[in-house]
Structure formats: structure tokens, C-alpha cells
Amino acid sequence: SSGPTGGQSSGNASGTRADDSHMQWWRDARYGMFIHWGLYSIAGGEWKGKDYGKEQGGASAEWLMNSAKISGEEYRSTLAPQFNPTEFDAKQWVSIAKDAGMKYIVITSKHHDGFCLFDTEATDYNVMDATPFKRDIIKELSEECAKQDLRFGVYYSQFKDWYHRSRGRQNPGTMSNEEYLELVEKNLDELLSNYGDMAVLWFDVGGNDVIEANAQGARVRELQPDAVICSRLYSRRVPEDQRKYADFESLPDRMLPTERMTQDSETCMTMRHNWGYDRTDDAWKSPKDIIEFLALCGARGVNLLLNVGPTPEGTLLPEEIERLQAVGKWMEVNGESIYGTTSSPVDFDFWWGAMTQKDQTVYLHVLEWKPEGIEFNGIVGKPTKAYFLADPNRESLPLSYDADGHVTKIEVPPTAPDLRNTVIAVQYDA
Ligand code: FHN
């Protein structure tokens, strides 16, 4: 063919939907913000003077209740009265995400600790009834996303709930299993009815009961037919062909696949070690690490959901804002090589980096660089032009061809700066 080959088409289950048109915005978006925020942010990975971040190898932050073996009552009575994040400003968070080039936001509405960041009648363990803050965080964020034209979704822990659900004699929980399933049903109805368009339902993680999961998936389809449903509605033990309502495969945390994905997939990633706020977590990835991860996700046809863990005061950390702004700057110039693209036309990566493609253009994500330039072969077709995506004039770069007319080399002027994290666009005849 004259154009690039091989971009993997996406496929999904789209249970009880005749088509998967609801996925198109998600496929085009490629890049979203994950937010882990809740009572655990107050503790910041520490409990009764012990730092669970470093000592427990990072099972801190949102896992603190489990790691420090805190009873539901003590966790609630200690933290809920302190939850008053007066600096929370949905407009600021959404603006930061938008300026970062992100197209959707997914926030924890209820994590494993059982605390609800929204107004619910299913339990009084929620931000309105149990804390001095008394503001519906999900409502404020969803409305601001609608104002700024960003898609809004929620993370929901439907199976693990260390407060409501009994975990044996030591942790009786506050509800029987039946009562807990009713709570989940009520919560889902509230989240799917009271907060406008719900673009993503990011369940995490599913149990083995496929019937229960399908009932939850069917309810999402019924109340929000265009919502995109995460495969973590089901436990990993449920065979893929039984995951009727999973619209995309949520890859294992922080995983960058080694090959192109043949179905709609997303990987979620932290900027440091933890998902939730942890005071001592200094394992920051650099802006360059994040840009490379985003480019390589694109080359595999995978969305990136990049996480922030806001402070107890309701702010994003300066280190998070710095990284989001750096990637946003890169996306301003190079976003065309990420948004709406499909995976690389070939299965392998080059030593210098990887590729995405859209229509009749292949984008070379240059992640490594040598002065002698980069070879660019193995692509079927006869490119007509190559240029730096960052070049507003799109000056043509000289191309060398082999006997069959395939491009073998893109001559980059030796004066070219270090090209790492640049993108070269290669156009093909229509
Ligand atoms: O247990 C959770 C964890 O706290 C975090 O929310 C991640 C994010 O993908 N999901 C589960 C572990 O995979």
C-alpha cells in the first residue's frame, strides 16, 4: 500500500451495544488524569508515628487502613473529622489537567477504605455527613469538567470495601454482604444519575462473580449508555470473552506493553511510587520519563491515565504541577502525534524510539539520538515528505531512498539540536 501499514484496529466487548461509537472520543483522547484523593490523604502514609510508605515498601497512602491494620471505626473517627480541604478548587484542578493536554479525568469516588467523596443516601460514611467539609467533590469536579469541555469519570471500588464489608471476625464491617451489594447498587445509581454525563466508569477491582459484575455493567449501560467501562469491573480471573461489559482492557498498574495492543487498552501510571498522597514518597519520575512513557503508550495503541495524589488541603503538589506543565508544553507542539493516532505500523521499535500514525502520516518519536542521524526503514510505502513536527514552517528534511523506493534515511542537519523528545512527521501519498 502507499500508506503506512499495520496500525492495530481497536476492538472491545461493548456489552449489549450494537456498536462501539461511544469509544471514539476515548480512542482519540489517548491521555487522561487519574486522581486518588480521600481520607487517607490526611494520614499521608503515616499512622501513630510509623511511616508506612518507606517501611512497608509503599503499601501506604490509600492502602494505609489495610497496611496499618486500622479498624474501620478508628480510621473513620480519626480521619473523617479532619477532612476539610478548604483549598480544593475544582476549577484549578480541571484547568491544570486541560493545560496538561489531558482529555478526561477519573477520580476516586469510593476507594477500598469505603469513604464516599459524594453525597449518598446509601451510607453516612461520606463527605457530606461524616466530615466538616460538607461539599460534594464529585459534583464540583463533574460540573467544572462540563464547563471546560473535559470528559469526567469516576473510579469506584465495588468489591473491596474495608469499612462496610465484613472481612472476618477481626473486621466485621458495618454491613452484611447483601446490604453491601445494595450499597453498591445505590451508589452506582447515584453516580450514574446525579452528576451529568459520566464518561468513564473505572471499576477497581472486580470479584469473581460474573453475574454480579454483569448486573453492575448492565446498570451503567442502562443509565449512561455512552459511558466507557473499565475491564476491572471483572477480576482478572474472569476469562476475557466473559467480560461482557468491559470496553477497554485496563493493563496492570504502570505497565508499558512490549507490543502493540490489538484491543482498546489503557495503562495507569503514578508520577512517584504511590497513588494517594504520601508525605515521604520521593520516587519522582522526570518530565522526560513521562513524555517518553506517553509516546511509547501511543506507539502501542494504549491510553495513558496519569495519576495525581492531592494533599489533605485539596491542592496538587508543586512537583505534580511542574510535570503536568512540562508534558503539556510538549503536547502543545507534538499532540498531533498522540491524539487520534493508532499504534505503530510495525511491531518493533527502533533504537532511537517508536512510532504512531494517523491517516497518511507516521510520527517518529525520537527518544534517543546519535549525531549520525536515524535510520528509518521497514515501513512499506513511499513517503513524500518528512519534517519536524515542532517546525512551524514544516521545512522538508532530505530523504534517501533504496532501489525499491523505500525511505532508508532521513537526513537531519548536523546542526540539529539533541533531538530526544522531538517528533518527526513522515507524510505518505494518499
Ligand atoms: O488497590 C488499588 C490501588 O490502591 C490503586 O487504586 C490502583 C490504581 O490502578 N488500583 C488497585 C491496585 O491495582
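Readers should treat all values here as calculations from the given coordinates under stated rules, not as data from a laboratory. Being a predicted model, the structure only gives us computed values, none of them experimental. When we count neighbours, we look across all protein chains shown, and the Cβ atoms used for this are built from the backbone with ideal geometry, even at glycine.
Could you rank the peptides 296-305, 107-116, 350-359, 402-411 by their average count of other C-beta atoms within 10 Å per residue, with the highest value first? Kindly include the intermediate steps, with their values, before the conclusion.
Working: 296-305: 25.1, 107-116: 26.9, 350-359: 20.7, 402-411: 13.2.
By packing density, highest mean first, the sequence is 107-116, 296-305, 350-359, 402-411.
When only Cα pairs under 8 Å and 6 or more residues apart are kept, what is the percent relative contact order across the chain? Write down the numbers at each step before the final one.
Working: 949 pairs, mean separation 87.4, N = 430.
It comes to 20 percent, rounded to a whole number.
If you take the charge dipole of the chain about its Cα centre, with +1 on Lys and Arg Cβ and -1 on Asp and Glu Cβ, which of Y156, V423, G49 is farthest toward its positive end?
So the residue we want is G49.
Give the share of C-alpha pairs in each 5 angstrom bin for the range 182-319, from 0 to the last occupied bin, in whole percents, shortest bins first.
Percent of Cα pairs in each bin: 2, 9, 17, 17, 17, 17, 12, 8, 1, 0.
If you fit an axis through the alpha-carbon atoms of helix 137-147 and take the longest principal axis of the Cα set of the chain, what angle between them do you get, 0 to 90°, nearest 10?
30
Set the Förster distance to 30 Å, then compute FRET efficiency between A18 and K370 from the Cβ-Cβ distance, nearest 0.05.
0.05
Using +1 at the Cβ of each Lys and Arg and -1 at the Cβ of each Asp and Glu in the chain, identify which of Q92, A283, M175 lies farthest towards the dipole's positive end.
Checked the options; the winner is A283.
Could you tell me which residue out of V210, M198, P345 lies farthest along the dipole of the range 197-352 toward its positive end? Charges go on the beta carbon: Lys and Arg +1, Asp and Glu -1, centred on the Cα centre.
Result: V210, furthest along the dipole toward the positive end.
Taking the Cα centre of the chain as origin, sum charge times position over the Cβ atoms of Lys and Arg (+1) and Asp and Glu (-1), and report the length of that vector in debye to the nearest 20.
With Lys and Arg at +1 and Asp and Glu at -1, about 420 debye.
Using only the alpha-carbon atoms of the chain, report the extent along each of the three principal axes, biggest first, to the nearest angstrom.
Here the Cα extents, ordered largest to smallest, are 75, 47, 38 Å.
Could you please report the charge total around W275, scoring K, R as +1 and D, E as -1 over all other residues with beta-carbon less than 12 angstrom from its beta-carbon?
Around W275, the charge tally is -3.
Using Cα atoms only, what is the angle between the long axis of helix 318-334 and the major principal axis of the chain, expressed in degrees (0 to 90) to the nearest 10?
30
Around A227, with a cut-off of 9 angstrom between Cβ atoms, what is the net charge of the other residues, counting Lys and Arg +1 and Asp and Glu -1? Working shown, then result.
Working: positive: R221; negative: D197, D226, D247.
Surrounding charge for A227 is -2.
Sum up the charges of everything whose Cβ sits under 10 Å from the Cβ of A425, counting Lys and Arg as +1 and Asp and Glu as -1, but leave A425 out.
On the way: positive: K358, K385, R394; negative: E336, D391.
That sum, taken over residues with Cβ under 10 Å, equals +1.
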